[in-house]
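Down below is the structure, laid out as structure tokens.
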């Protein structure tokens with residue numbers, strides 16, 4: 001993977017991580033178009049996901065600071081309730097990551113038919129939110145687990161993590177700004193944890209990822225971080241305005257193109 005390819009894929013990841021169009025699906029499509037198909041794709045995906053996690057921390061730095069201040073009081077307050085909800089939401093994706101890592105890795109091989117079908121699933125999920133009007137609830141403990149299940153399903157390339165978690169929250173009646181905030185903050189620990197483990201594997205056996213240079217990783221990380229910061233700020237406003245149906249149409253079109261390309265090849 002050249003640094004130019006890393007730059008393009010990093011920008012794709014940053015923009016699509018927060019917009020509900022599936023970053024993993026677009027990374028797979030981008031890899032196919034650029035001809036970047038190798039074992040190091042998953043490592044690169046983890047690195048650019050870590051970059052967007054960092055951009056999330058920057059955007060929500062005040063919220064995170066308030067939560068941390070509440071946690072050090074060691075009282076059962078809103079910060080501790082929120083932290084417990086985040087932990088609950090991590091359970092499904094943790095189970096998937098621990099027991100199905102090899103099966104998940106095998107899906108990141110440029111499978112256009114899978115990506116296309118999952119994009120159609122994302123489109124349908126986003127479209128259904130258009131009919132949900134009474135969004136006035138906070139995120140409850142059961143809500144957090146159900147949203148966590150949506151996040152676990154979104155490990156499939158083509159299913160948008162932000163799209164599936166925000167749409168699930170909205171369908172459960174969660175208030176729009178709370179749905180976006182919870183969706184973006186709940187992913188921080190799983191992504192950063194996966195990134196650390198993958199980087200550990202890299203430093204222990206760098207020859208396994210010989211096709212991915214340090215320059216490509218750095219360029220991809222920076223591109224993903226900067227574009228992710230912009231997309232995160234933009235997406236918060238989009239959710240508040242209830243404009244997710246536009247992205248449903250986009251996912252529908254891209255999904256059909258991906259399926260058509262697979263059948264044509």
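Just to check your reading of the model, which residue among 21, 46 is in contact with a helix residue (DSSP H, G or I) (Cβ under 6 Å, 6 or more places away or on another chain), buried (at least 16 other Cβ atoms within 10 Å of the Cβ), at pLDDT below 85 and not in a helix (DSSP H, G or I)? Walk me through how you get there before you give the answer.
Working: 46 fails: not in a helix (DSSP H, G or I).
None of the others qualify; the one that does is 21.
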Confirm whether residue 159 is at pLDDT 90 or above and either touching a strand residue (DSSP E or B) at 6+ places or on another chain (Cβ under 7 Å) or surrounded by 18 or more Cβ atoms within 10 Å (Cβ to Cβ) (or both).
-> no
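Hey, among the residues in segment 203-232 that are assigned to a helix (DSSP H, G or I) and loosely packed, with under 14 Cβ neighbours inside 10 Å, which one's modelled with the highest pLDDT?
Pass one, segment 203-232, residues assigned to a helix (DSSP H, G or I): 203-204, 206-209, 214-232.
Those still in the list that are loosely packed, with under 14 Cβ neighbours inside 10 Å too: 203-204, 206-208, 214-215.
On the way: 203: 70, 204: 70, 206: 62, 207: 61, 208: 60, 214: 79, 215: 85.
Top of the filtered list is 215.
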How many residues does segment 123-134 hold that are surrounded by 19 or more Cβ atoms within 10 Å (Cβ to Cβ) and at pLDDT below 90?
-> 1
Identify, please: which residue in segment 245-265 is at pLDDT below 85 and touching a helix residue (DSSP H, G or I) at 6+ places or on another chain (Cβ under 9 Å) and is, among those, surrounded by the fewest Cβ atoms within 10 Å (Cβ to Cβ)?
-> 265
Residues of segment 73-94 that turn out to be in contact with a helix residue (DSSP H, G or I) (Cβ under 9 Å, 6 or more places away or on another chain) and outside any helix (DSSP H, G or I), as a count = 3
Lone unmet requirement of (1) within 21 Å of residue 188 (Cα to Cα); (2) at pLDDT 75 or above; (3) in a helix (DSSP H, G or I) for residue 26 = (2)
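The values are calculated or read from the model by the stated rules, or taken from the named source; none is laboratory data. Computed from a predicted structure; not experimentally measured. Ideal geometry is used to build each Cβ from the backbone, glycine not excepted, and the neighbour counts take in all protein chains shown.
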